[in-house]
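Contents: one structure, followed by commentary.
The values are calculated or read from the model by the stated rules, or taken from the named source; none is laboratory data. Here the structure is a predicted model, which is why all the values come from computation and not from measurement. Here Cβ is always computed from backbone atoms with ideal geometry, including for glycine, and neighbour counts include all displayed protein chains.
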């Protein structure tokens, strides 16, 4: 029931999307990501989402996770949204399932309540929006709890942490330092009793039920971990240079660092629940303003994390101890990572950090049964049952509120009217042309947003999008022009139309939108 309470809002929202089947015309980043999703359906996507700095995120795990749902739902743009909701629903359910396996149903029920409240505070729209910085939030939450379970003694959880950590890294490169630190602390705590026998006597491993599928889960997880890194490895070996080399070159450059006090202030803002509605809705895009209050919150957060480690160690609770260690290390690494951000510190870059105080809360709640005295008599034995019923009712009520909030969201926004109009003009102009690759020419850099939406519709129409060399960094190597394209579509800002027409006398103006003109040139 706890698993369903956590997962139901996103799953029901996905089902509603399947029923409604809204007409969506993506442009910009969503269109670019759906193009990559289509490539993944042909096993041709080797890297993650393309960035504006000339590199892509490390791997295509997000696309391949979405692909089965996307294809089974027909490969529409609404299918992309529904698939994203399904992935988020699965992540919510898995978080509760891991806590359930680690510490039982009562803590799982509390975790479900934490999650449905978390979704409401950040805003349901964020979990529907198809964007890698949003797609990594719940996987990072899952990584924290599964790493704690692995550190506490579960070998399948160790393998699962490698998979989930790889997934988070491939979706968003900004998680790399934290994921590496979490995996390192997990392995250190997991194998500390082996290296230091006295550790095992002072705080024994948590009791983990051994299932007959454990060995299969471990080997399956390790196999999946290896498979996930094959596409990035192929890109690295065949690229000139490979994407991993580009990432290394970019992040090892020297550029101005943010001060420590600023980094602490950002951490404090992100771990303050009252700030989540703002940081999750772009109301505060740049969160680098230094605030003494948020600095104090960040320090208090680290103190609470370390205090959990100390208290859990004294109470001989490996799971809660591991949560405290994972969260404390994550907070420190996040602070150092914020210092290294190039330019403004935008909220969306670090939105996943908001999960840290919730994981910490799960760790502290896990200690409550150990802090309470043993129940005496029948009256004390009845009391917990009442609290469980009250908690159950509260979690179900919060889950229902989340469901209602998802279902009452405004319709998924279509692309800017320009994109829909541009495609209507283009589809008419190309109706008599044979299917084949189309070179989409962006006359000025700002036209890429509409051009991406136009390219997505061309791709779905059986006319693969091709771009010039200077746009390959954004649309991928598979979109590089070959010179054999018979059709050139140029997207031009409306004020530049006359200039473009004079420079390209062979181009035909097929129509204009409110902001752009579309020119078509037929090759020989």
* Asked: Quick check: is even one residue across the range 87-107 touching a residue at least 24 places away in the same chain (Cβ under 8 Å), more than 26 Å from residue 157 (Cβ to Cβ) and part of a helix (DSSP H, G or I)?
  -> no
* Might you let me know whether the range 363-372 holds any residue that is modelled with pLDDT of 95 or more, closer than 16 Å to residue 147 by Cβ and crowded, with 17+ Cβ neighbours inside 10 Å? => yes
* Asked: Taking the range 33-48, which residues are in contact with a helix residue (DSSP H, G or I) (Cβ under 7 Å, 6 or more places away or on another chain), surrounded by fewer than 22 Cβ atoms within 10 Å (Cβ to Cβ) and in a loop (DSSP other than H, G, I, E, B)?
  -> 44
* To do: Return yes or no: is residue 193 modelled with pLDDT under 90, assigned to a helix (DSSP H, G or I), surrounded by fewer than 20 Cβ atoms within 10 Å (Cβ to Cβ) and in contact with a helix residue (DSSP H, G or I) (Cβ under 8 Å, 6 or more places away or on another chain)?
  => yes
* Looking at the range 343-354, is at least one residue out of contact with any helix residue (DSSP H, G or I) (no Cβ under 7 Å at 6 or more places or on another chain), under 27 Å from residue 116 (Cα atoms) and either part of a helix (DSSP H, G or I) or touching a residue at least 40 places away in the same chain (Cβ under 8 Å) (or both)? -> yes
* Asked: What's the number of the condition residue 18 fails, among (1) in contact with a strand residue (DSSP E or B) (Cβ under 9 Å, 6 or more places away or on another chain); (2) not in a loop (DSSP other than H, G, I, E, B)?
  -> (1)
* Checklist (1) part of a loop (DSSP other than H, G, I, E, B); (2) closer than 20 Å to residue 357 by Cβ; (3) in contact with a helix residue (DSSP H, G or I) (Cβ under 6 Å, 6 or more places away or on another chain) applied to residue 319, failing item -> (1)
* Considering only the range 115-145, state which residues are more than 17 Å from the chain's Cα centre (by Cα) and either surrounded by 23 or more Cβ atoms within 10 Å (Cβ to Cβ) or without any contact (Cβ under 8 Å) to a residue 40 or more places away in the chain (or both). => 116
* To do: Being surrounded by 23 or more Cβ atoms within 10 Å (Cβ to Cβ) and more than 14 Å from the chain's Cα centre (by Cα) is the filter; apply it to the range 56-75 and report the residue that is modelled with the highest pLDDT.
  => 70
* Asked: Taking the stated definitions as given, is residue 188 part of a helix (DSSP H, G or I) and at pLDDT 95 or above?
  -> no
